[in-house]
1. Per DSSP helix of 4 or more residues, -39500 (n - 2.57); summed, then divided by the residues of the chain. What does that give at 222 nm, rounded to the nearest 500?
2. Compute the Rg/Rh shape ratio of the chain: radius of gyration over Kirkwood radius, all on alpha-carbon atoms.
3. Pulled fully out, how much extra length does the chain show between residue 48 and residue 2, if you take 0.36 nm times their separation in residues and subtract their Cα-Cα distance?
4. Quote the FRET efficiency, to the nearest 0.05, computed for residue 30 versus residue 136 with a Förster distance R0 of 30 Å and r equal to the Cβ-Cβ distance.
5. Give me 182, 219 ranked fewest to most by other Cβ atoms within 10 Å of their Cβ, as a rough exposure proxy.
6. Taking only Cα atoms, what is the 0 to 90° angle, nearest 10, from helix 225-236's long axis to the longest principal axis of the chain?
7. Based on other C-beta atoms within 10 Å, arrange 98, 23 from fewest to most.
8. Using per-residue counts of other Cβ atoms within 10 Å, averaged over each peptide, order 198-208, 47-57, 107-117 from highest down.
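No lab work stands behind these numbers, since they all come straight from the coordinates. What you are looking at is a predicted structure, and each value in this text was computed from that prediction instead of being measured. Neighbour counts run over all protein chains shown; Cβ positions are idealised from the backbone, glycine included.
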Ligand code: COA
């Protein structure tokens, strides 16, 4: 499939998805969300992709939010539909993807942009990044999972403050809050994420997929996380990666996961 709003690149086992509307600070319009859905579904079924890095085009923004020009005349039903479809098709899809997704937050990550970064499995920011959920300054609230994921990542008090104030925080503050795992210079951001991705890609992708399911189970009211862990743990014993990983250890060699 050819894309108009995103770029897709693969280098070995690492795929990079770039949101590519730099003139609009990579704001998420409907077409971009649809393309992101397609790209993540495709990447997940492509066995040669072991890790995905998500970044914004240009030097200014990761994503400056949902495209405000598209929903400013929506009514209540259309608003709810926008949030529901976005959550299902993109944000929940990424959180539950079996392939690890690293957000490389290379500038503004606001509203839907921060929500997109938070849906990824973890985040690395450049030191010029600014993050926030400014929705209440527009008379609306975060609708792509932001009220839930921000509180999960930084705690209820900080999440309440960030959402109520609509203020932006710096990359260093985000690091302090646990919202991002690392802060590096803009030049270092992609190489740093690629290094992390490369390390992850050497491990068992079936075990990583099982770990993602187990960790995410804690955030799903309908699933008992400990039970899910037991189930996923057991499933691992039936995989070729388990045979290869344990055999390689006992033979004192590096595993070669297929
Ligand atoms: N939706 C639609 N367009 C957006 C956008 C968004 N969320 N964020 C930025 N843009 C557009 C601007 O309208 C502008 O387009 P134009 O050149 O056609 O006028 C372009 O991107 C550049 O943005 P601009 O505001 O001129 O850049 P800036 O450096 O002065 O300010 C921001 C940067 C991020 C502070 C500012 O763009 C902003 O506040 N954006 C909205 C953030 C937001 O509220 N997001 C949550 C949405 S729910």
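1. Values: 12 runs with 121 residues, N = 258.
About -14000 deg cm²/dmol.
2. Details: Rg = 18.6 Å, Rh = 19.0 Å.
Value, to two decimals: 0.98.
3. On the way: separation 46, 0.36 × 46 = 16.56 nm, distance 1.92 nm.
That works out to 14.6 nm of additional length.
4. Values: r = 23 Å, r/R0 = 0.77.
So, using R0 = 30 Å, E works out to roughly 0.85.
5. Details: 182 16, 219 12.
Ordered from fewest to most neighbouring Cβ atoms within 10 Å, 182, 219 come out as 219, 182.
6. Rounded to the nearest ten degrees, it is 40.
7. Ranked by crowding around the Cβ, least crowded first: 23, 98.
8. Working: 198-208: 17.2, 47-57: 21.3, 107-117: 28.6.
Ranking the peptides 198-208, 47-57, 107-117 by packing returns 107-117, 47-57, 198-208.
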